[in-house]
Every structure is written in structure tokens, then in C-alpha cells.
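**Q** What follows is a structure written as C-alpha cells; I'll ask about it next.
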Amino acid sequence: MMDKRQFLKNITLATLGTPIAFSAFSKAFEAQKNKTPLHLAKDDDFWAQIRDQYLLKTDYINLENGYYNFLPQPLLNKYIEHIKEVNLQGSYYMRTVQFENKKKITARLAKVLGCGADELIITRNTTESLDMVIGGLDWEKGDEAIMAYQDYGAMLDMFEQVQDKYGVVRVMVSVPNHPKNDEEIVQLYEQAITKKTKVILVSHMINISGQILPIKKIGEMAHAKGVQVIVDGAHAFAHIQYDIDDLNCDYYAASLHKWLSTPLGAGLLYIRKDHISKVWPLLADGERDKNKINRLNHTGTHPVHTDLTINDSIDYYEMIGAERKEARLRYLQNYWTEKVSNIPRIILNTPVEANRSCAIANVGIEGIAPADLAKRLLKEHQIFTVAIDYANIRGCRICPNLYTTTKELDLFVMALKTLATS
């Protein structure tokens, strides 16, 4: 007769599962191991195999993958399997191995991010993660927090709330679309620091333009002045390569439903170990040790099948390879931006240097309001984008994904040329 311990172990194995059986697809990546990432990035026939794993709508070209990088079919199938398994086990699953599975998945995420598992929690998205930090610090009236007009609106809203509640002073800076060098960005934040500055909020990758900021240099400067650094990494995780220890930041958050392609409702929050005790939980937890990050992770009953699928999404990401994925995404962006950069009236709001951008770019057309540009791209050319019209960025955000083809980007380039010359 099977004992209880072995029975629970079997449930854990059944729900976490083994790595996705990619079969021939996985072997296709193995066959390309001798090609450099840059060489493979240009091989459209190879990446067509990725496209074949997506169920795509045929009535428009989707160039708005930044909001939600939806799941390829192998991951969607695993997600459905997890839903069925959790539904089958019901309360038994929730009361036995729910937390053990989440702990294992958190450890895998920590390894990808490059931090300790005791410095990371799984949340629902970047907004929840960063709002927990912003709202959970011990603020005093007159404390100053530096942030940019280009930061994500929900974070700015949260700082406005702590301003109204605690008397925190928001110090706003504006990040140039085309900085001369890293030092220009670092000095922008450095010049805003005073003796009352408590934290700097900075975007790893600005969501409306795709510009990558020099986080490590900003962190080194801020720490030298005794200022903590909160990083919004919503668009950077599983998009560009980095190690959290290298960034020299204190708090870091990301949404996993973006570039890791998990189901909706998954994010992460990293807090440097010596700062964990400084943050109050968003929801009270039974853990009383202020140095344990799990005290910040109480969310009540939530869709645990989403957590389980994170494990599969990491399998998929690691099969592709971080370096190969980044190379392909950057190649796609450069492919179309190089073709339109010298066309009259077309304005690129994203730096072209490899260290300053990857998949995401923002483009506008002089004389056409961003909202009108987005509408015309969809109505006249069947291309779906999102309009951005604030913080010195006027244009449409363009976010291809690994399934995007250069033929689709050629159609986008033709659309821009047509609209710019009409």
C-alpha cells in the first residue's frame, strides 16, 4: 500500500509534469547549435517552425505583442492540462501540494533572473509587484521619489497616491528619445537627487518606446548617494539577457505574460535580501518573520494552474535559448526600422543602437496623430498596433514576436511609406 508521503509526491509530479515533449521541434534547435545567434536570427525558414506553433487570426497582422505575448499551442495545451488536473483534484490539490509546487517554480524563475529563491515571489503582474513596494515602504512627509514622465502610468498613479496619503514629493524627469550616451541618462537622474531623495523609479525598458536604460550605472550612482532603486522590468524579462545581480538595483518587477508567454495573471517581484523587511505586505500574511519574502506573497485563493504553466513556459524559453531569442527579436526590429529611417515625415522614437533597444520600437508620421495612424494602419492595411501620444513620444508602438515574419514587416513598411506620402 502506498504511503501518504509517496502519494503526495506522485501528485506533485503529475501536476508539475516533465519538460514539454517538443520532439522534432526541439531537435530542430539542436540541429542549429553550430550557427551563431545572429546567423540563425536571419533564417526565416527556421523561425517559420515557431510560427507554426501559434494559432493566429488571419484578419490582421498583430504588431502589438507587448501587452500580452499569447501562448503558442504547446504551452496552451499544457495550460489546459493543468486546469483539468487542478479541477480534478479540487480542494485536495489546494490543501496539499499547491505551495510546494509554487516554491519549486519560484526557484526556477529565480535561476532565470539570477537571484536567490529567497529574494523572489510570484505575483499577478508588474503593477501589483511595484505597487506593493511603492505603497509598502515607510514614507515620511517630505520624502522625495524620482521618476520619469515616460514610466508606466500605473506606477505614476501609485506614487501620486502615496503623495496624497503621506506627503511624498514626486520629482519628475523626462528621458530623451535619443540619448547621446549612458552618462546623459545617469546625469538626468543624478541631478534630480537631493538630501530628501529616498528612491528612484526607473524603467529597464520604457514601455512606450522600447528604449533600454543603463540600469547598472543608474544603480551605482544612486547607491553611492544612499538612494534605493526600483526597476520596472515588465518588458525586459525573457526579452533581453541580463543578470539581476549585475543591475545593482534593490527592487525589480516583471510581467511573465509578456515575453515569457505565460497565461495572463503571472508576474514576479525581486527584493534584495536586506530590503525585504522594509516592505509591508499588500495583503496580511501569517508569516511574522519580516526577513522572509513569502510574507509578501499572500494573495488568497488564485488560479494556481497559471503558476504551474510558468514551469512549461520556462522550458519553452530555455529550448529556444535566451541569446537566440534576443537576437531574433532585435533582428526583426532592425529589419523594418532600417527600411523607414530615411523616409520623409517618418519619425522613429526609439534609439537604434543594439544596447538601447530590442524588439520594441515606436514610429510616428509627421502630420498624423498617433490615434489616427493606428486606426488607418488597421482599417486600410490590416495591421494592429497601439497609439502612444504623451511624454514626448508621438507614434505607434510596434512589438513583433518570434512568430512575426519579415514578409509581414515588409507589408508594414509599405503601409508606412504609403501613409507618409499620401
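**Q** With θ set to phi - 60°, apply the Karplus curve 6.51 cos²θ - 1.76 cosθ + 1.60 along region 159-167 and write out the HN-Hα couplings as whole Hz, x wherever there is a Gly or Pro.
**A** Whole-Hz 3J(HN,Hα) from phi for region 159-167: 5, 5, 5, 6, 5, 5, 7, 10, x.
**Q** Rounded to the nearest 20 debye, what is the charge dipole size of region 96-315 about its Cα centre when +1 sits on each Lys and Arg Cβ and -1 on each Asp and Glu Cβ? Present the calculation step by step, with values, prior to reporting the outcome.
**A** Working: 24 positive and 30 negative charges, 62 e Å.
That gives region 96-315 a dipole magnitude of about 300 debye.
**Q** Which one, 299, 311, 206, projects farthest toward the positive side of the charge dipole computed for region 96-315 from Cβ point charges (K/R +1, D/E -1)?
**A** Farthest towards the positive pole: 299.
**Q** Please give, to one decimal in nm, the separation of the simple spin-label points placed at residue 353 and residue 299, each 7 Å out from Cα toward the Cβ.
**A** Calculated label separation equals 3.7 nm.
**Q** Could you give the dipole magnitude of region 201-276 about its Cα centre, charging the beta-carbon of Lys and Arg +1 and that of Asp and Glu -1, in debye to the nearest 20? Display every interim value, and only then the final one.
**A** Numbers: 6 positive and 7 negative charges, 23 e Å.
It works out to roughly 120 debye.
**Q** Right, here's the next one. First measure r as the distance between the Cβ atoms of residue 178 and residue 318, then evaluate 1/(1 + (r/R0)^6) with R0 = 41 Å and state the FRET efficiency to the nearest 0.05.
**A** Details: r = 34 Å, r/R0 = 0.84.
Efficiency, from the Cβ-Cβ distance: 0.75.
**Q** With only Lys, Arg, Asp and Glu charged, each at its Cβ (+1 for the first two, -1 for the last two), find how big the charge dipole of the chain is about the Cα centre; round to the nearest 20 debye.
**A** Working: 50 positive and 51 negative charges, 106 e Å.
Dipole of the chain, to the nearest 20 debye: 520 debye.
**Q** If you wrap region 291-422's Cα atoms in a convex hull and average its projection over all directions, what's the area in nm²?
**A** Values: hull surface 47.2 nm².
Quarter of the Cα hull surface area: 11.8 nm².
**Q** Quick one: which residues, 5 or more positions from residue 169 or on another chain, have an amide H under 5 Å from its amide H? H modelled 1.01 Å from N in the peptide plane, none for Pro or chain starts.
**A** Under 5 Å from the amide H of residue 169 lie the amide H atoms of 142, 143, 144, 145, each far enough along the sequence or on another chain.
**Q** Just the projected area, averaged over all directions, of the convex hull on the alpha carbon atoms of region 96-315: how many nm²? Numbers along the way, then the final one.
**A** On the way: hull surface 46.3 nm².
Averaged projected hull area, Cα only: 11.6 nm².
**Q** Rounded, prolate or oblate for region 348-422? Axes are the square roots of the Cα gyration tensor eigenvalues, ordered a ≥ b ≥ c, and the cut-off for rounded is a/c under 1.5.
**A** Details: a/c = 1.69, a/b = 1.09, b/c = 1.55.
The shape class here is oblate.
**Q** Could you compute the longest span of the chain free of trypsin sites (Lys or Arg not before Pro) located in DSSP loops and having at most 11 other Cβ atoms within 10 Å, not counting the site residues? Don't skip to the answer; put the middle values down first.
**A** Details: sites that count: 33, 57, 141, 180, 195, 288.
Maximal segment without exposed cleavage sites: 289-422.
**Q** If you don't mind, another one. For region 76-147, which GluC sites (Glu not before Pro) are in a loop by DSSP, counting at most 13 other Cβ atoms within 10 Å?
**A** Sparse-neighbourhood loop GluC sites (Glu not before Pro): 140.
**Q** Need the C-alpha centroid separation for region 137-213 versus region 296-366, integer Å.
**A** Centre-to-centre (Cα) distance: 23 Å.
**Q** Length gain on complete extension for the stretch residue 164 to residue 187, per 0.36 nm per residue less the alpha carbon to alpha carbon distance?
**A** On the way: separation 23, 0.36 × 23 = 8.28 nm, distance 2.83 nm.
Difference between extended and current length: 5.4 nm.
**Q** Hey, another quick one. Would you be so kind as to identify which of 262, 115, 227 lies farthest towards the positive end of the dipole of the chain, taking Lys and Arg as +1 and Asp and Glu as -1 on Cβ and the Cα centre as origin?
**A** My answer, from the dipole projection, is 262.
**Q** Hand me the GluC sites (Glu not before Pro) from region 325-413 located in a DSSP loop with no more than 12 other Cβ atoms within 10 Å, in residue order please.
**A** Details: sites: 326, 338, 353, 366, 380, 408; in loops: 353, 366.
The qualifying sites are 353, 366.
**Q** Can you check what the net charge comes to around residue 273, using other residues whose Cβ is under 13 Å from the Cβ of residue 273 (Lys, Arg +1; Asp, Glu -1)? Intermediate results must be reported in sequence, preceding the final value.
**A** Working: positive: 272, 278, 290, 292; negative: 118, 119, 245, 250, 274, 289.
Residues close to residue 273 contribute a combined charge of -2.
**Q** If you plug each phi of region 324-336 into the Karplus form 6.51 cos²θ - 1.76 cosθ + 1.60 with θ = phi - 60°, what whole-Hz ³J(HN,Hα) values come out, in order, with x for Gly and Pro?
**A** Along region 324-336, the couplings run 5, 5, 4, 4, 5, 5, 5, 4, 4, 5, 5, 4, 8 Hz.
Every number in this text was worked out from the coordinates using simple rules, so none of it is lab data. Because the structure is predicted, anything quoted here is derived from the model rather than measured. FYI the Cβ positions are ideal-geometry reconstructions off the backbone, even for glycines, and counts take in every protein chain you see.
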